[in-house]
Amino acid sequence: MASERSPQEPITGAQIIAEALAAQNVKYMFGIVGVPVIEIAIAAQVAGIKYVGMRNEQAACYAASAVGYLTGRPAVCLVVSGPGLINTLSGMANSNMNCWPLIVIGGSSDSNQETMGAFQEFPQVETCRLYSKFSARPSSLEAIPIVIEKAVRTSMYGRPGSCYVDIPGDFVNKLVDSSEVRQVNTSKRLGVLCNYKS
């Protein structure tokens, strides 16, 4: 876990994502593993998030939406790029229209292959803007916790709904020193969110 890691110890993008979700009190993840998101599902389980494997991305998105409906806090739907992400759009739209908090994390083509016709390349961030409150692709591994925090917060604040985070394939196993990762102080915000639901 993050507290046991020295500042100079390398950390992968998958670990950063999982630990950022755990820091935001995300408890559940539904999805279908595949390249490039397999390691994210593994890291999530190590971080204490319950991962539920599904057979279809649409079903995974509806299941994650149901957790948001029942608890008031988002669950994660983890999917692969292209068709995998496209299959979640009906669940995202349903979640958004019904005001259910939801986070969809989609793998995508490597950052150095953008606009070059990479395998299953699709304008995922732009597409998800139509079905969500927030849709973004982190600019670096160091920025992932900030984007995750904003997605979780946005999914619950105001009119709840779905949020999308796009993860380039090369970010998943890429290493960076722990000290370089921009952590988010969530103690005040989490208190506000808890009061909001009570």
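The values are calculated or read from the model by the stated rules, or taken from the named source; none is laboratory data. No experiment lies behind these values; they were computed from the predicted model shown. Here the Cβ is made from the backbone with ideal geometry for all residues, glycine too, and neighbour counts use every protein chain on show. We work out accessible area using only protein heavy atoms, side chains counted, and drop any ligands, DNA or RNA first. Shrake-Rupley method; radii C 1.70, N 1.55, O 1.52, S 1.80 Å.
Considering amide H positions built from the backbone, and no H for Pro or chain starts, which residues 5 or more places from Val52, or on another chain, come under 5 Å of its amide H?
Excluding prolines and chain starts, which carry no amide H, the hits are Met29, Phe30, Gly31.
Please list 20-28, 99-107 highest first by mean number of surrounding beta-carbon atoms within 10 Å per residue. Don't skip to the end; give the middle numbers.
Numbers: 20-28: 20.8, 99-107: 26.2.
In descending order of packing, they fall as 99-107, 20-28.
Of all the C-alpha pairs in the chain, what % are more than 30 Å from each other? Spell out each step's value before the answer.
Values: 2459 of 19503 pairs.
In whole percent, the share of Cα-Cα pairs in the chain beyond 30 Å is 13.
Among 143-154, 116-127, what's the highest-first ranking by average C-beta atoms within 10 angstrom per residue?
Working: 143-154: 21.9, 116-127: 14.5.
Averaged packing, sorted descending, gives the order 143-154, 116-127.
Which residues' amide hydrogens lie under 5 Å from the amide hydrogen of Phe134, considering only partners 5 or more residues apart or on another chain, with H built in the peptide plane?
Those lying under 5 Å, H to H, from Phe134 are Tyr164.
Just to confirm, what accessible area per residue do you get for the chain at 1.4 Å probe, in whole Å²?
Values: 9230 Å² over 198 residues.
Solvent-accessible surface per residue comes out at 47 Å².
Defining a contact as two alpha carbons under 8 Å apart and six or more residues distant in sequence, what relative contact order in percent does the chain show?
About 26 percent, as a whole number.
What Kirkwood hydrodynamic radius do you get for segment 49-113 when you take the inverse of the mean 1/r over all pairs of distinct Cα atoms, in Å?
This gives a value of 11.9 Å.
Nearest 0.05, what FRET efficiency do Ile42 and Met97 give at R0 = 30 Å with Cβ-Cβ as r?
0.35
Using 0.36 nm per residue, how much length does the chain from Gln8 to Leu175 gain when fully extended, once their Cα-Cα distance is taken away?
59.0 nm
Just check segment 7-47 against the gyration tensor rule for me: Cα atoms, a ≥ b ≥ c as the square roots of the eigenvalues, rounded for a/c under 1.5, and otherwise prolate or oblate depending on whether a/b exceeds b/c.
oblate
Near the amide H of Ser108, under 5 Å away, which other amide H atoms are found, from residues 5 or more places off or on another chain, if H is placed in the peptide plane?
Amide H neighbours of Ser108, under 5 Å, 5+ apart: Ile167, Gly169.
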